[in-house]
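I have placed the structure first, in the form of structure tokens, so that the comments after it can refer back to it.
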Amino acid sequence: MDQPDNSYIHKFEFIKIYDRYSDKIFRHLYFKLRDREKALDFMQETFMKTFVYMDKGPIGNIQAFLYKVANNLTIDEYKKKKAYSLEQMEEEKGFEPGIDTALEIKNKIDADKILEIIGQIPPPYQTVIIMRYVDELSIQEIAGILGDTENSISVKIHRGISHIRKLIHNYE
Amino acid sequence: MNKDFFKNLQQIATNIKLTRPEKKHFRLELLKFMDAHDVKNDKKASISFEKTNPFTWLHSLTQNVLRFKSAAFIVVVVVLLSSGAALAAQNSLPGDFLYPVKISFIEKIEGSFAVSLQAKAEFEQNLVERRLREAEELATNNRLNAQIKNGIAMNLEEHSTAFHKNINQLKQENQLQSAIDTTSNFTISLKVHSKILAALEEKTVNETRPEEQKKENENTLLSTYLDTKIENLIKVEDKVNEQITAQTLTVVEASALAKMKVAAKKITEVKKLVSNIKTDVSTDIKAKAEDQLKLAQESFDEGGKNLESRSYGRAFILFQEAETQAQGVKLILQASENLKIQIDAASLLNSSTMQNTTIIKNNFREIIESNVTGEIEGSSSQTEPSTTQTLNPEIFNTINQIKMPQEVDTTVEVNTEESIQN
């Protein structure tokens, strides 16, 4: 794992950071928000905010920092959406892969279902599930990003999985 | 059911990514943002000198003109370069009016004269060093601000990337020695510049007012930037060194090295055993074991010396002896512990050495014979060509000189063969 511990802040270097992490951050945000346009906006904001922070001082682990910023943005968003009305549920757009990606999933309906299930997992468990199974981060990395112990992360993952089981059962 | 869910989830995940136009679009937006952000902080926004200078026409002219490398063109260029204006441009510093001419025009022309890969790499190195000298001169006159540093660093990045590209090509064309010489020259030069810049930048920081000092944090130090570049260069050097070593390693050398590892392991193991000897073992045996261990260590050390002087054959034999001697100690100790019998230690040690020496000779002869029929790979040009060839007579002489001790009557049978065959 080649983690660039870059403390020489430089526009040139920062763009490289964007090149490297933009997809990952976008993907993470997409699963949290399940709205492509919003995910793009939040992704952009994540990098802009990170750049501003970096101007003030060096950052150690850039990947962790980016995920932290992205996560905080979604927490604010969730607070706004706390009243999950029926209207909003209808607005959920489902699976939006983007123009030039080939749809390999046999059934778009399946993909929509999966996204819905993800959407219904309570936030603290949702975050760790996405980080583990979508972002493919290690327990150690997740703990570092969220400022938790590895134990509590494992526990949260297990609880998330049992939520998923229940939700799947409801769909049958 | 659960497994399906996570499998599908991962499938969906791989389909979710930025499209190419999306990625490009947001990249551009980010660049604009970074520029605008600088303006807000009262820093002048600047991406590079090339894009904001009034001599951009020169840049495009250069691109076109470099395509036509006729003799007439070269004459014109030489005349131009030796004209007064060009001279002024050549000595200009970042921030000077003519500096962009230097960057976009003169240096590009200079670059076109470098033909071989090594020359190209050295040219990029020269440009990097030139940037650093400019930075140092500016720093001495306190003209080195953040904006100029940005521009210098961009240019540095461009040329050091080009340098690495050339080195990689050298590596691919197996010009490993050139690659490593050029890289290490560059590393040394960068180290010197890094020290100079560190001293100069420290001086500047101390001389500015306290508020400005807070802004001048470690992020913007050129010396820190250089240090990361130096680290990368050292890594490149190490890799090339490994490649060179792998290439110059002959079969016999490899065998000697392998044997050395085995012997070292065995000796360490036995040393541990000897230090853990229980008290009911007779002092006679203990003393003999320690002596034998000493012999093993001596053989090992002599093997090492031979290795250094490239006498790989002799080294192999010595390492083998060392291993055998160590193994002998081990067996003595084990036997005496298990059987608790007073053993004639001296006779046992002698007999084990004799048996193993025969097997050493046979093993080694096989290795040499298989090498004699094929070509013994002479290493690359730096090593003396005679080294590997003179190994053969030397080895056979050595083998014949191994003395065979007298056959001795032993009271207890000890197995010694399993240690020898690796």
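Nearest 0.05, what FRET efficiency do residue A:138 and residue B:79 give at R0 = 60 Å with Cβ-Cβ as r? Using R0 = 60 Å, I get an efficiency of 0.40. Ordering A:153, A:168, A:140 by Cα displacement along the dipole of segment A:133-172 toward the positive end leaves A:168 in first place; charges were set at the Cβ atoms of Lys, Arg (+1) and Asp, Glu (-1). Here each label is just a point 7 Å from Cα along the line to Cβ, and for residue B:254 and residue B:199 those points are 4.9 nm apart.
Among the listed pairs A:24/B:120; B:149/B:203; A:156/B:23; A:38/A:79; A:24/B:32, a Cα-Cα separation exceeding 27 Å is found for A:24/B:120; A:156/B:23. Reducing segment A:31-67 and segment B:169-209 to their Cα centroids gives an inter-centroid distance of 34 Å.
The length gained on full extension between residue B:184 and residue B:33, counted as 0.36 nm times the residue separation minus their Cα-Cα distance, comes to 50.4 nm.
Across segment B:301-308, computed HN-Hα scalar couplings (Karplus, 6.51 cos²θ - 1.76 cosθ + 1.60, θ = phi - 60°) run 4, 5, x, x, 4, 5, 4, 5 Hz from first to last residue, x flagging Gly and Pro.
Accessible surface buried by the B/A pair amounts to about 4600 Å², both sides summed, 1.4 Å probe. In this structure, residue B:7 and residue B:334 have a Cβ-Cβ separation that, at R0 = 60 Å, corresponds to a calculated FRET efficiency of about 0.60. Note on residue B:269/residue B:305: beta-carbon distance plugged into 1/(1 + (r/R0)^6) with R0 of 30 Å gives a FRET efficiency of 0.85.
The values are calculated or read from the model by the stated rules, or taken from the named source; none is laboratory data. All values reported here derive from a predicted model rather than from experimental measurement. Cβ coordinates were reconstructed from backbone atoms using ideal geometry, including for glycine residues, and neighbour counts include every protein chain displayed. The area values use the complete protein model at the heavy-atom level, side chains included, leaving out ligands, DNA and RNA. Shrake-Rupley method; radii C 1.70, N 1.55, O 1.52, S 1.80 Å.
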